[in-house]
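Worksheet for the structure shown next.
The values are calculated or read from the model by the stated rules, or taken from the named source; none is laboratory data. Given the structure is predicted, the values throughout are model-derived calculations rather than measurements. Note that we place each Cβ from the backbone using ideal geometry, even for glycine, and neighbour counts take in every protein chain shown.
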Amino acid sequence: MPREVISTPNAPGAVGAYSQGIIANGFIFTAGQIPLIPGSSELRAGGIAAQTRQALQNISGVLQAAGSGMQNVVKTTVFLADIGDFAEFNAVYAEFFPQAPPARTTVAAGGLPAGALVEIEAVALLE
């Protein structure tokens, strides 16, 4: 099965040598999504809760463009600029995965792109 590039206006456009997402072998792999507002180069204001929500909405946009959705996410990797934001991040994250949440890795990572507080990537099943 050849790989397929996902491109959508419902998530921030790629600003480098990467794709918003790739479909391969029945899976969707998203690029790391920071809380940029689609169609702009503007970071979502409002702290870690608002930025987490935007990053997850961006992932949802990529998955929807591929014909899938958040209910099919099997793994996420989360990068937090400040691990002290974990509890507030986790509360918003749980809203997007209320039942049977995906496997997850969360790491503290300083210096995220554009000064973001969070970056999230996902692997999902293709419906």
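A few comments on the model shown:
- Every residue from region 19-37 that is among the hydrophobic types (A, V, I, L, M, F, W, C), assigned to a loop (DSSP other than H, G, I, E, B) and out of contact with any helix residue (DSSP H, G or I) (no Cβ under 6 Å at 6 or more places or on another chain): 31, 37
- Of all residues in region 19-35, none that is more than 29 Å from residue 45 (Cβ to Cβ) and modelled with pLDDT under 95 has its Cβ atom under 7 Å from the Cβ atom of a residue that is surrounded by fewer than 17 Cβ atoms within 10 Å (Cβ to Cβ) and not acidic (Asp, Glu), 6 or more apart or on another chain.
- Every residue from region 1-37 that is of a type in the set (A, V, I, L, M, F, W, C), loosely packed, with under 14 Cβ neighbours inside 10 Å and farther than 24 Å from residue 81 by Cα: 1, 5, 24
- Boolean, residue 100 is out of contact with any Phe, Trp or Tyr (no Cβ under 6 Å at 6 or more places or on another chain) and part of a loop (DSSP other than H, G, I, E, B): yes
- Residues that are modelled with pLDDT under 95 and surrounded by 16 or more Cβ atoms within 10 Å (Cβ to Cβ) within region 82-106 are absent altogether.
- Filtering region 55-82 to residues that are in a strand (DSSP E or B) and farther than 21 Å from residue 27 by Cβ leaves only 80.
- Scanning region 38-54 for residues that are without any contact (Cβ under 8 Å) to a residue 60 or more places away in the chain and assigned to a helix (DSSP H, G or I), we see that the one that is surrounded by the fewest Cβ atoms within 10 Å (Cβ to Cβ) is 50.
- In region 60-81, residue surrounded by the fewest Cβ atoms within 10 Å (Cβ to Cβ) [restricted to those that are within 17 Å of residue 10 (Cβ to Cβ) and touching a Gly at 6+ places or on another chain (Cβ under 9 Å)]: 65
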